[in-house]
Amino acid sequence: MKPFAELDTVQLQKAHPECGLAAGALGTVVLVHAQGEAYEVEFIGLDGHTQAVLTLPAAEVAAIVQPWRQAA
């Protein structure tokens, strides 16, 4: 799988209860580390404010499955 790019939306694969984040939470990649070995991901709360910014290994984030989109 190719690395995510900055501003990609990703899905959290592991809960981070210390930040109030459950597995499946959606976040935005704000920085790519070491060609995709890790990512800085921002998670926004329902109030529109930043809930957490985490540095996550690539194994803890995944692409969002969008079955309604067809590959070009």
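The values are calculated or read from the model by the stated rules, or taken from the named source; none is laboratory data. Note that the structure is predicted; figures quoted are calculated from it, not measured. Cβ: placed from backbone, ideal geometry, glycine included. Neighbour counts: every protein chain shown.
Listing for the model above:
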| read-out | value |
| --- | --- |
| Matching residues, segment 46-61, being loosely packed, with under 15 Cβ neighbours inside 10 Å and of a type in the set (A, V, I, L, M) | Leu46, Val53, Ala59 |
| Enumeration of residues in segment 37-51 that are modelled with pLDDT under 95 and within 14 Å of Ala62 (Cβ to Cβ) | none |
| Positions within segment 10-29 being in a strand (DSSP E or B) and surrounded by 14 or more Cβ atoms within 10 Å (Cβ to Cβ), in sequence order | Val10, Gln11, Leu12, His16, Leu21, Gly27, Thr28, Val29 |
| Verdict on Phe43 being surrounded by 14 or more Cβ atoms within 10 Å (Cβ to Cβ), in a loop (DSSP other than H, G, I, E, B) and at negative phi | no |
